[in-house]
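Here's the structure we're looking at; comments come further down.
The values are calculated or read from the model by the stated rules, or taken from the named source; none is laboratory data. Everything numeric here is computed off the predicted structure, so don't read it as measured data. As a convention, Cβ positions derive from the backbone with ideal geometry for all residues, glycine included, and neighbour counts pool all protein chains shown. Side chains are part of the model used for accessible areas, which takes the heavy atoms of the whole protein and leaves out ligands, DNA and RNA. Shrake-Rupley method; radii C 1.70, N 1.55, O 1.52, S 1.80 Å.
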Amino acid sequence: MTTTLDVHTLRDRVGQEIAVGNWFEVSQDRITQFAEATGDHQWIHVDRARAAAESPFKTTIAHGFLTLSLLSTFIREAVEFTGLRMAINYGLNRVRFVSPVPSGSRIRALITLQAVDAVSDGVQATWLATIEREGGEKPAAVAEWLVRYYPAEG
């Protein structure tokens, strides 16, 4: 389900859970592609045989930064903005990788709007994104994410 938000009235939604994203499978292919893109080929991510033998997780796990990088996908799939000219990822205040994401797991984001502040020609939203793993007892990651939104002209 997609939530529709108007950038002009975003402030009215502060403190509310805005969306729960769709489940997203983190496949070994995706993990391997991320390793290729970043140069992070640590065996816990890419060596299935060694992970099965030596890792406490008994399988490969996703890079924390792979999990984090999916935030844009999660919000884009869960929230449709109206009255928007552009959105700019402004950064992160806090990130914690709470529990691993084993290869083949499904994750999704619970997205809460924490704050909206005026910036030149737009607003800055502070989102609390909790990434949960299907069947997991703890979140995979929790991030305080800043995005700047610039309304359409007129």
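For this structure, a couple of remarks:
- Condition check for residue 49: in a helix (DSSP H, G or I), open to solvent by 60 Å² or more (accessible area, probe 1.4 Å) and either within 16 Å of residue 128 (Cα to Cα) or not charged (D, E, K, R) (or both): yes
- Residue list for region 1-12, restricted to those being open to solvent by 60 Å² or more (accessible area, probe 1.4 Å) and touching a Pro at 6+ places or on another chain (Cβ under 9 Å): 8
- Residues that are in contact with a Gly (Cβ under 6 Å, 6 or more places away or on another chain), modelled with pLDDT of 95 or more and closer than 21 Å to residue 150 by Cβ, drawn from region 76-113: none
- Region 114-141: number of residues that are surrounded by 15 or more Cβ atoms within 10 Å (Cβ to Cβ) and either in contact with a Gly (Cβ under 7 Å, 6 or more places away or on another chain) or under 22 Å from residue 31 (Cβ atoms) (or both): 9
- Each residue in region 13-24 was checked for being surrounded by 12 or more Cβ atoms within 10 Å (Cβ to Cβ) and either among the charged types (D, E, K, R) or over 20 Å from residue 108 (Cβ atoms) (or both), and 3 of them qualify.
- Scan region 63-111 for residues that are under 13 Å from the mean Cα position of the chain (by Cα), of a type in the set (Gly, Ala, Ser) and either crowded, with 17+ Cβ neighbours inside 10 Å or at negative phi (or both) and the total you get is 5.
- Flag for residue 59 being open to solvent by 60 Å² or more (accessible area, probe 1.4 Å), in contact with a strand residue (DSSP E or B) (Cβ under 8 Å, 6 or more places away or on another chain), of a type in the set (Ser, Thr, Tyr) and touching a residue at least 40 places away in the same chain (Cβ under 8 Å): no
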